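Below is one structure, written out as structure tokens, with a few remarks after it.
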Amino acid sequence: MGVFSKRKTIFVDSDILVIGGGMAGCGATYESRYWGRDLNVVCVEKANIERSGAVAQGLYAINCYMGMQWDENQPEDHVRYARNDLMGLVREDLGYDIARHVDSSVHKFEEWGLPIMKDPKTGRYLREGKWQIMIHGESYKPIVAEAARKAATKVYNRIMITHLLMDKSKPNRVAGAVGFNVRTGDFYVFRGKAVIVCAGGASHIFKPRSTGEGMGRTWYAPWSSASAYALPIQVGAKMTQMENRIVLTRFKDGYGPVGAYFLHLKTYTQNVHGNEYESTWYENTKELVGDYIDRHPVPTCLRNHAILEEVKAGRGPIRMVTTEAFQDPHLETVGWENFLGMTIGQAVVWASQNIDPKHTNPELTTSEPYVMGSHATCSGAWASGPEDYAPDEYQWGYNRMMTVDGLFGAGDTIGGTAHKFSSGSFTEGRIAGKAAVKYVMDMGNDVPEVDETEYENLKTVVYQPLENYTVGRNEITGGTVSPSYILPLHGLQRLEKIMDEYVGGISAHYKTNTWMLNRGLELLSMLKEDLVHAGAEDLHQLMRTWELNHRVLASQSVTHHTLFREETRWPGYYYRADHPKLDDTDWHCFTLSKFHAESGEWEMEKAPVYHIID
Ligand SMILES: Cc1cc2nc3c(=O)[nH]c(=O)nc-3n(C[C@H](O)[C@H](O)[C@H](O)COP(=O)(O)OP(=O)(O)OC[C@H]3O[C@@H](n4cnc5c(N)ncnc54)[C@H](O)[C@@H]3O)c2cc1C
């Protein structure tokens, strides 16, 4: 046993264990308390729930609100919208379930103090677009976190969960999780009768556009490290649509959002010659995807496709025409506030690059791919659907339960449900929380038991990188390169390079093929072998090491899924060059994977897409 495995072990009992206190985790914690008055509800978070997750910096709009009280939209409309945007493939049962409840979540946010802008003429929430409402959202996350803090029996901040624990006697039942405190280094064993994974999406899987001095600047939060996928994958939960990575069109270098610009400021894009370019690529796109190009609104990936083709034709950069809208002082204010309330970095980038959008039309670019489940994309775990709405094939237990008993998920964690955003993720957390309470209530005395050998072994594994570093450090007198360990940053850069070059990142123009994917898998396996020798200098680097482990496992999943789907379903997100067209005959289906930890094998299968709504 190594020196670091002598660290203190702290045991925590819970009925409901929520992993990750972002939007979904706060929703899950809040709702678990509502239905489970006397239950022990524990939320464990890598950072501090006050300012954690993708909403940490604040938001300027809530992107998923039906407005049913004013008959603005119905849940069915939202399902049609998400289905259209994802080129036909969404879990309609799950999406409908969120849409029918999301308004009530937003009303709670307002009750808890979130300022929502109002239309002075109608008194209704001010719309940015058909689904978006505008907020003064700098404090969105602290407001939501307060509700979770009050609901939880206890919130454990600064603990990174590294592994889930399984029941000693029932092999497919979850029993808790282990992790370590990133400040004190204490080892934590959480026992939970039900576990809800809400650990956000994944950035830094693919090489970002910003490297070197700009490293860390990404669109999705840099601390979204794929735990949401790796934790369930490790214990054999099925995943779906992991190939459906998202590429965002954003303002160059700061990843500033474009939604408010398009929808509220009514700005538009043009090529370097000042011309509209989307129509140029209409026939080309129709060749690839057929009638999907005629849908309204045009699916997000296809709009990316037009930009990519125009730039490849040498008529880049694509620029956002801001100089007209910014002549109106009100719109100018809105344009700047949009960044100050949610992506301050973009305002700083413009200031540092002498870009005043009143006089200069700023450049747009397409981002590196991200893996997540709540935006215009739907990667994540394969979950059981709502009892009153899901087709039989989508129901094997409690709502939002994965294919592992007692293991639930919400937000970016759950696959098949695009366009839930912040409000929908919170709502899905509530749905999962309610179902998890029912699961615990139904369980009676048949409670899971953690295995001492399992968590003791994991304790050694978790701290091994500290030991690798301490021992290996003696072999070098200076610098960061050692013959006997790999630092987490080196491992991360190697991962990003593999994914970028072989699995369809920016430098490959988002293109890949069978050979490249297979080679990518080989290189990922070699990286995984080397990660056993990761060296962590301190607790922060230990966290980075485990984030890297989670990212690598999720990347393997993405690569297997991309290989399995032999078509190009979402041009503009990625291209299978050897199967360049959308193929509804063979691939109008979900892709599912299951990882077998003992053998290291990945099992792939198709699952049907049921269109429940006309
Ligand atoms: C730049 C940007 C702009 C956006 N704009 C909008 C918008 O305008 N409107 C809108 O409605 N939505 C917007 N979104 C989307 C919204 O933020 C997400 O949909 C939502 O936050 C997803 O919720 P989640 O709970 O799944 O993930 P998160 O909110 O990211 O929460 C995940 C949590 O898990 C924690 N965690 C991760 N790993 C571990 C681990 N191993 N152990 C313990 N804890 C862990 C993280 O620290 C984090 O707190 C935007 C997102 C980004 C990044």
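Key figures
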item	result
Check on LEU263, open to solvent by 30 Å² or more (accessible area, probe 1.4 Å), out of contact with any helix residue (DSSP H, G or I) (no Cβ under 7 Å at 6 or more places or on another chain), aliphatic (A, V, I, L, M) and within 15 Å of the ligand (Cβ to nearest atom)	yes
Counted residues, region 517-550 - those being open to solvent by less than 10 Å² (accessible area, probe 1.4 Å), closer than 30 Å to LYS606 by Cβ and within 16 Å of the ligand (Cβ to nearest atom)	1
Given (1) touching a helix residue (DSSP H, G or I) at 6+ places or on another chain (Cβ under 8 Å); (2) open to solvent by less than 20 Å² (accessible area, probe 1.4 Å); (3) more than 28 Å from THR9 (Cβ to Cβ); (4) within 15 Å of the ligand (Cβ to nearest atom), number of the condition ALA221 does not satisfy	(1)
Top-ranked residue in region 308-335 [being exposed (fewer than 15 other Cβ atoms within 10 Å of the Cβ) and under 31 Å from the mean Cα position of the chain (by Cα); ranked as nearest to VAL272 (Cα to Cα)]	LYS312
Matching residues, region 224-238, being open to solvent by 20 Å² or more (accessible area, probe 1.4 Å) and either within 12 Å of the ligand (Cβ to nearest atom) or under 19 Å from LEU17 (Cβ atoms) (or both)	GLN234, VAL235
Region 174-203 - residue that is in contact with a strand residue (DSSP E or B) (Cβ under 7 Å, 6 or more places away or on another chain), open to solvent by less than 10 Å² (accessible area, probe 1.4 Å) and more than 11 Å from the ligand (Cβ to nearest atom) and, of those, farthest from SER374 (Cα to Cα)	PHE187
Out of PRO386, PRO362, sole residue that is farther than 21 Å from GLY411 by Cβ and in contact (Cβ under 8 Å) with a residue 40 or more places away in the chain	PRO362
Identity of the residue in region 57-84, at pLDDT below 95 and in a loop (DSSP other than H, G, I, E, B), that ends up farthest from ARG158 (Cα to Cα)	GLY58
Residue ID - most open to solvent (accessible area, probe 1.4 Å), chosen from residues in region 128-164 that are farther than 14 Å from TYR60 by Cα and of a type in the set (S, T, N, Q)	THR153
Condition check for MET87: over 30 Å from THR568 (Cα atoms), modelled with pLDDT of 95 or more, away from the ligand (no atom under 12 Å from the Cβ) and part of a loop (DSSP other than H, G, I, E, B)	no
Which numbered condition GLY341 misses (of (1) within 27 Å of TYR510 (Cα to Cα); (2) in contact with a Phe, Trp or Tyr (Cβ under 9 Å, 6 or more places away or on another chain); (3) not aromatic (Phe, Trp, Tyr))	(1)
In region 458-501, residue farthest from VAL532 (Cα to Cα) [restricted to those that are among the basic types (Lys, Arg) and surrounded by fewer than 18 Cβ atoms within 10 Å (Cβ to Cβ)]	LYS497
HIS305, sole failed condition from (1) at pLDDT below 95; (2) in a helix (DSSP H, G or I); (3) not hydrophobic (A, V, I, L, M, F, W, C)	(1)
Selection from region 390-409 of residues that are open to solvent by 10 Å² or more (accessible area, probe 1.4 Å) and in a helix (DSSP H, G or I)	ASP392, GLU393
Residues satisfying the stated conditions in region 584-614, i.e. closer than 23 Å to ASN304 by Cα and open to solvent by 40 Å² or more (accessible area, probe 1.4 Å)	ASP584, HIS588
Selection count where residues are more than 11 Å from the ligand (Cβ to nearest atom), charged (D, E, K, R) and either under 16 Å from the mean Cα position of the chain (by Cα) or farther than 19 Å from TYR394 by Cα (or both), scope region 408-437	1
Residues that are open to solvent by 40 Å² or more (accessible area, probe 1.4 Å) and part of a loop (DSSP other than H, G, I, E, B), drawn from region 34-45	ARG37, ASP38, ASN40
Conditions (1) under 16 Å from GLY424 (Cα atoms); (2) within 13 Å of the ligand (Cβ to nearest atom); (3) among the hydroxyl-bearing types (Ser, Thr, Tyr); number of the one not met by SER52	(1)
Matching residues, region 549-565, being in contact with a strand residue (DSSP E or B) (Cβ under 7 Å, 6 or more places away or on another chain) and more than 18 Å from THR413 (Cβ to Cβ)	HIS560, THR562, PHE564, ARG565
Residue within region 253-272 that is without any contact (Cβ under 8 Å) to a residue 24 or more places away in the chain, farther than 28 Å from VAL609 by Cβ and not in a helix (DSSP H, G or I) present	no
Every residue from region 176-224 that is at pLDDT 95 or above, farther than 26 Å from CYS26 by Cβ and of a type outside the set (D, E, K, R)	GLY185, PHE206, PRO208
Single residue of region 136-170 satisfying the filter (within 19 Å of the chain's Cα centre (by Cα) and of a type in the set (Ser, Thr, Tyr)) that is nearest to MET117 (Cα to Cα)	TYR140
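Every residue, every condition in (1) part of a helix (DSSP H, G or I); (2) over 29 Å from ALA381 (Cα atoms); (3) of a type outside the set (Gly, Ala, Ser), yes or no:
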position: ALA221; (1), (2), (3): no, no, no
position: ALA228; (1), (2), (3): yes, no, no
position: ILE233; (1), (2), (3): yes, no, yes
position: ARG250; (1), (2), (3): no, no, yes
position: LYS286; (1), (2), (3): yes, yes, yes
position: ASP291; (1), (2), (3): yes, yes, yes
position: PRO297; (1), (2), (3): no, no, yes
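The values are calculated or read from the model by the stated rules, or taken from the named source; none is laboratory data. As the structure is a prediction and not an experimental result, all values here were calculated from the model. Positions of Cβ are generated from backbone atoms using ideal geometry, with glycine treated the same way; all protein chains shown enter the neighbour counts. Only protein heavy atoms, including side chains, enter the accessible area calculation; ligands, DNA and RNA are left aside. Shrake-Rupley method; radii C 1.70, N 1.55, O 1.52, S 1.80 Å.
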